[in-house]
Ligand SMILES: [Fe+2]
């Protein structure tokens, strides 16, 4: 089943440079029909589990829903077709943006159940429980006065698919982006940034180590204010950062190691229904990684 179809850029995005550069998609007609029926079907389902996959410091947990909980056989069958489309999904280095992913018929709860079930089937197909994570939103604000600076999520799977649901009004909680290519250029122009560390950044991004999470390592290099390069680097990153304000039902898909993302300040902590964050590997990524091994 085809998952997405192209669509026009929404009017309110025409003020954002990146929004004008990327391709816009929405659910395909078939997916829209499927998800509309699905959303009604799962209204009363409350068997979604939250699975903690690791006892390491790094937060690694996922929502999951057993497909046996879906009584409608036809829907279950269609779900397997959709899984294949995610598995062979082709992406390039550019982000893609989405609109109208939540609408009158497709509910947030419907998508929540859909991605939880999709994760269960995809991991079986890939024979790897780490290949797909439907990652809950962490609601505890850390520091940075409500801002979430540019970062990579660094999950083991690489394709980051976000659909926004509960977003603050106005100029708060604006998404920010910077490409890895741009970051590399910035790092090479940041005189105070040691070249050894530049190599370390490349290494962190190229290698995904299952036993050693690199989220903190990257964060400390870029965002530790005690680094002597902090100010010079941040000024440069600030000047190249892209801003995009997503509304309910909009979102994006990026290769996590090719794009940094973040969020501007919000007054309130995000709640668990802020967004859907589905992170998955594709056949292409798995094949590429297995060659390296
Ligand atoms: Fe993130």
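For residue 9 and residue 77, the FRET efficiency from 1/(1 + (r/R0)^6), where r spans their Cβ atoms and R0 equals 30 Å, is about 0.30.
Extension gain for the segment residue 68 to residue 171, taken as residue separation times 0.36 nm less the Cα-Cα distance, is 32.8 nm to one decimal. Going by alpha carbons, how many degrees (0 to 90, nearest 10) lie between the helix axis of 108-126 and the longest principal axis of the chain? Here the helix axis deviates by roughly 80 degrees. If a/c stays under 1.5 just call it rounded; otherwise compare a/b with b/c (prolate if a/b is bigger, oblate if not). Do that for the stretch 35-179, with a ≥ b ≥ c from the square roots of the Cα gyration tensor eigenvalues. Prolate, because a/c is 1.5 or more and a/b exceeds b/c. With each label modelled as a point 7 angstrom along the Cα→C-beta vector, the residue 47-residue 85 pair spans 2.6 nm. At an R0 of 51 angstrom, the distance between the Cβ atoms of residue 28 and residue 184 translates into a FRET efficiency of 0.90. More than 33 angstrom separation, counting every C-alpha pair in the stretch 4-288; what % is that? In whole percent, the share of Cα-Cα pairs in the stretch 4-288 beyond 33 Å is 22. Over the stretch 4-288, what is the relative contact order in whole percent, taking alpha-carbon pairs under 8 Å and six or more residues apart? It rounds to 30 percent for the stretch 4-288. Across the stretch 77-210, the mean sequence separation of Cα contacts (distance under 8 Å, 6 or more residues apart), normalised by length, yields a relative contact order of 20 percent. A simple spin-label model places the labels of residue 93 and residue 196 2.9 nm from each other, with each point 7 Å out along Cα-to-Cβ. Relative to the current alpha-carbon distance between residue 125 and residue 288, full extension at 0.36 nm per residue lengthens the span by 57.0 nm. Highest mean first, the peptides 230-243, 92-105 sorted by other C-beta atoms within 10 Å per residue fall in the order 92-105, 230-243. Label separation (residue 203 vs residue 228): 2.1 nm, computed from points 7 Å beyond Cα along the C-beta direction.
Dividing the summed -39500 (n - 2.57) terms of all DSSP H runs of n ≥ 4 by the residue count of the chain sets its mean residue ellipticity at 222 nm at -11000 deg cm²/dmol.
FYI, it's all coordinate maths here, none of it is from the lab. Note that this is a predicted model, so its numbers are computed, not measured. Heads up, the Cβs are rebuilt from the backbone with ideal geometry, glycines too, and the neighbour counts pull from every protein chain shown.
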